[in-house]
Amino acid sequence: MSRRTGHHHARKVAVAAVAAVAAFGLTACQDTSDGASGAASSAASQDSGSPDASAKSGAAGDAAESLRKTAPTPLRDGAGLYPRAIRLEHSGKDNGRVLASTVVPGGGNGIGAVQESTDGGASFSQVGTIADPASADGRGLCCATLYELPRQVGDMPAGTLLWAASFGQDVPKADRHMSIRVFKSTDVGRSWTYLSTVATATDTKGLWEPEFSIDAEGNLVCHYSDETDPRHSQKLVAVRSRDGVSWSGLHDTVASAPASDRPGMAVVRKLPNGTYVMTYEICSDDPKFSCVVHYRTSPDGWDWGDPTNLGIRPQTADGKYFKHAPTLAWAPEAGNPQGKLLLVGQAMFNADGSKAEGSGRTIWTNSKGGEGTWKEIPAPVAVTSDKVDFCPNYSSSLLPSADGHQLLEIATDYDGGVCRPFHATDGM
């Protein structure tokens, strides 16, 4: 398994990160020091129609609603990066189950590990594995995403699970042609089969951080970060598919005019009013950005407007802002048809640029579709390491309960030198 090295002017930090992770059997997927660009993927309910609305059914759903608070607990034995969590909403009798995925080492073979919880996130056990020759023998695997189809796509019914990741970043540079590959499961994550390849690099540069959504026309959309355009160090792009097999319509969604800028780590959620919200980081030589979290909106999940419009920086009333590895979730809120958004970034900073006291222990909420200021609430998992590298609080996963009263978080942190995912649930 591997971790991408990221921004061109953060190479020295990336080398240090690779060495640190290699000590426990991993190499770096992506540098997140100031100036590194990151990955993204799906965190809370992966919806494309109604956001995380009726996620409970039977014992699994009842347990999810009754659970109030759990202490941070390792998601799995050993290392794991890039956590993702979903609650099944379109899988009939299995609705309410929580599935989580991480990218883990496997004796030099990067694999995707799928965990399941039937008690709302209080406990997890591994139920599936995605292993592919494209990431075996040290070829590299990074930044996976997990998604439940909310409607039929091609011959795949609603409830089909999709998992995608970046493959091949550790192949020797002269022979490297990275790809984003998709796998599907029709048995609640127990077994997985290869479905398609979203994109393959035409040069030795990177393709990172796939993220799925369904646009207003019912197409399956894959957003990802693309380094292969010589006019951009990195940009965000999207393609779409009617069947999950053939992909077309490649276009830029966020592509900055300065060639050195690196928009990355897209996460997309749809609001009840039909508006789509995308969060991402923008890494840059310009200190105004330096991996600061931004967002923008789309009326249909496909047209995001002028790609050179870098969007809006979310912030609190006193000017705090996030840097690095943002993820986004949606939750229902009593008396508010729009619901509320939840946002987390790897590190939180004060208006003057100093590290904020609650960094690593805070998430934000916003009840106006992202407009205006955001409010701070305690994170279920309090990440203790203050490093800004590939591990602590890196692309944490947020999964609100179906009633919006509580939140499951999966966040990574160092544990005896190993980067481990921890899960916890708390009220909100």
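Could you tell me whether any residue of region 368-378 is under 21 Å from V98 (Cα atoms), under 20 Å from the mean Cα position of the chain (by Cα) and modelled with pLDDT of 95 or more?
The answer is no, given that none of the residues of region 368-378 is under 21 Å from V98 (Cα atoms), under 20 Å from the mean Cα position of the chain (by Cα) and modelled with pLDDT of 95 or more.
The set of residues in region 217-270 being under 21 Å from the mean Cα position of the chain (by Cα), among the acidic types (D, E) and either farther than 28 Å from K184 by Cβ or surrounded by 21 or more Cβ atoms within 10 Å (Cβ to Cβ) (or both) consists of D226, E227, D261.
Residues of region 300-315 that are surrounded by fewer than 19 Cβ atoms within 10 Å (Cβ to Cβ), farther than 16 Å from D252 by Cα and in contact (Cβ under 8 Å) with a residue 40 or more places away in the chain: I312, Q315.
Give me the residue from region 98-150 that is among the charged types (D, E, K, R) and under 19 Å from T193 (Cα atoms) and, out of that set, nearest to the chain's Cα centre (by Cα).
Just the residues of region 98-150 that are among the charged types (D, E, K, R), to begin with: 116, 119, 132, 137, 139, 148.
Those still in the list that are under 19 Å from T193 (Cα atoms) too: 116, 132, 148.
Details: E116: 18, D132: 21, E148: 14 Å.
Among those that are among the charged types (D, E, K, R) and under 19 Å from T193 (Cα atoms), it is E148.
For region 96-106, filtering for residues that are in contact with a helix residue (DSSP H, G or I) (Cβ under 7 Å, 6 or more places away or on another chain) and open to solvent by 20 Å² or more (accessible area, probe 1.4 Å) leaves 1.
Within region 414-428, residues that are free of Cβ contacts under 8 Å to residues at least 12 places away in the same chain reach no partner that is part of a strand (DSSP E or B) and among the aliphatic types (A, V, I, L, M) with beta carbons closer than 6 Å at six or more positions or on different chains.
Just one of (1) within 28 Å of A134 (Cα to Cα); (2) among the polar types (S, T, N, Q); (3) open to solvent by less than 10 Å² (accessible area, probe 1.4 Å) fails for N109. It is (3). Counting only strands (runs of 3 or more DSSP E) that sit wholly inside region 292-410, those with at least 2 residues that are farther than 16 Å from V268 by Cα are 321-323, 327-333, 336-344, 347-349, 362-366, 375-378.
Scanning region 189-216 for residues that are crowded, with 22+ Cβ neighbours inside 10 Å and more than 29 Å from G159 (Cα to Cα) gives a single hit, G206. For region 196-221, taking the residues that are part of a strand (DSSP E or B) and small (G, A, S), the one that is nearest to W302 (Cα to Cα) is identified as S213.
Y147 meets the conditions (1) open to solvent by less than 20 Å² (accessible area, probe 1.4 Å); (2) of a type in the set (F, W, Y); (3) over 29 Å from D215 (Cα atoms) in every case but one. The failed one is (3). Residues considered: K69, K93. Of these, the only one that is among the basic types (K, R), in a helix (DSSP H, G or I) and modelled with pLDDT of 55 or more is K93. The set of residues from region 271-291 being outside any strand (DSSP E or B), open to solvent by less than 30 Å² (accessible area, probe 1.4 Å) and without any contact (Cβ under 8 Å) to a residue 60 or more places away in the chain comprises G274, F289. Taken together, T186, T118, T160 contain a single residue that is without any contact (Cβ under 8 Å) to a residue 60 or more places away in the chain, surrounded by 20 or more Cβ atoms within 10 Å (Cβ to Cβ), more than 22 Å from D252 (Cβ to Cβ) and of a type in the set (V, I, T), which is T160.
Mind checking which residues of region 235-250 are at negative phi and touching a strand residue (DSSP E or B) at 6+ places or on another chain (Cβ under 6 Å)? Explain how you work it out, then say what you get.
Keep residues of region 235-250 that are at negative phi, which gives 235-243, 245-248, 250.
K235, L236, V237, A238, V239, R240, S241, V245, W247, L250, listed by residue number.
Of the residues making up region 190-216, those that are more than 22 Å from S397 (Cα to Cα) and small (G, A, S) are S191, S196, A199, A201, G206, A216.
The values are calculated or read from the model by the stated rules, or taken from the named source; none is laboratory data. Keep in mind that what you see is a predicted model, and the values were worked out from it rather than measured. In this analysis, Cβ positions are derived from the backbone assuming ideal geometry, glycine residues included, and neighbour counts consider all displayed protein chains. Ligands, DNA and RNA are excluded from the accessible area calculation, which covers all protein heavy atoms including side chains. Shrake-Rupley method; radii C 1.70, N 1.55, O 1.52, S 1.80 Å.
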